[in-house]
1. Using Cα atoms only, what is the angle between the long axis of helix 22-43 and the major principal axis of the chain, expressed in degrees (0 to 90) to the nearest 10?
2. In degrees between 0 and 90, to the nearest 10, how far off the longest principal axis of the chain does helix 6-16 point, with axes built from Cα atoms?
3. If I take R0 = 41 Å and measure r between the Cβ atoms of residue 53 and residue 27 in this structure, what FRET efficiency does the formula 1/(1 + (r/R0)^6) give, to the nearest 0.05?
Amino acid sequence: MSHVDAAFVERLSKLARISLEKDEILRLEENLEKILKHIDRLQEVDTKGVTPCFSVQQELICPQFEDETEPLLTRNELMKNAHDSISGFIRVPTVIKGA
């Protein structure tokens, strides 16, 4: 079983490039210790004969559809649907102010 101490948490914080206060270090020390204890408990589970999987829903079959092409609209047909246009282009409201 692994043991988490303040030095370990401080080393992790330096690797992650985050600064931690003393109370945060203590809280993370406790939380990481609990996580590692839980992982140790999981290691005790007998998984012989269990097929590895990447999802709990492996039997779920996602439907696949063939790509279907449709004829494209002509420029005139497209421009009929445009709310506003200028010189043959669709005009849209300004999104970025000052641009």
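1. 90 degrees
2. Around 20 degrees separate the two axes.
3. The formula returns an efficiency of 0.75 here.
None of the figures in this text is laboratory data; all of them are computed from the coordinates on show. All values derive from a computational prediction rather than experimental measurement. When we count neighbours, we look across all protein chains shown, and the Cβ atoms used for this are built from the backbone with ideal geometry, even at glycine.
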